[in-house]
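The values are calculated or read from the model by the stated rules, or taken from the named source; none is laboratory data. Keep in mind it's a predicted model, so treat the numbers as computed, not measured. Neighbour counts run over all protein chains shown; Cβ positions are idealised from the backbone, glycine included.
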């Protein structure tokens, strides 16, 4: 397991993460890329704990995702299964698990202030924190062929991963109004949503 983790995690996080996995009896599955999620946690019928994380994530996003999912396990064990999945108990648990790792030996200097800010009130997904998400993208191993919604000119047409076409509209407080071309329905997009520019 240690050897496998070395491939996916920052070097100085491997040992402590291995300890977390052992302590909480996690069965870790590293899976092919899923568009809709970075990872997930589930309690198995036999009482075991399974966490899956996408193999395609860069090591910093993989690490945050792994600890995010372990926080679900720990929060459910500590506070019971009736808590909200991303409620106060999970946020507190996630903060406590991440705190020892927010150090320059683990994260690059440019990520540290963004991670520190994010963990003051962690979100259900690091992808909904636009600044952190864009900063983490810089460490992706493959060349970026997609654009972020915030980069596109107003009025441009773009395609989502599912093939649907949208026209970019004006910015609301944080998100962008976009019209689905086939239906005329209005949708709100996070500024860091990755899309394919058509025209």
Tell me, yes or no, whether the stretch 68-86 has at least one residue that is touching a residue at least 60 places away in the same chain (Cβ under 8 Å) and either part of a loop (DSSP other than H, G, I, E, B) or assigned by TED's automatic domain parsing to the domain that holds residue 36 (or both). no
Checking 106, 115 in turn, the sole residue that is within 22 Å of residue 38 (Cβ to Cβ), outside any helix (DSSP H, G or I) and assigned by TED's automatic domain parsing to the domain that holds residue 33 turns out to be 106
Taking the stated definitions as given, is residue 88 over 25 Å from residue 29 (Cβ atoms) and either surrounded by fewer than 12 Cβ atoms within 10 Å (Cβ to Cβ) or at pLDDT below 90 (or both)? yes
Quick check on the stretch 144-166: of everything there that is over 21 Å from residue 57 (Cα atoms) and in a strand (DSSP E or B), which residue is farthest from the chain's Cα centre (by Cα)? 157
Just give me the residues in the stretch 1-33 being in a loop (DSSP other than H, G, I, E, B) and either touching a strand residue (DSSP E or B) at 6+ places or on another chain (Cβ under 6 Å) or modelled with pLDDT of 90 or more (or both), in sequence order. 9, 10, 24, 25, 33
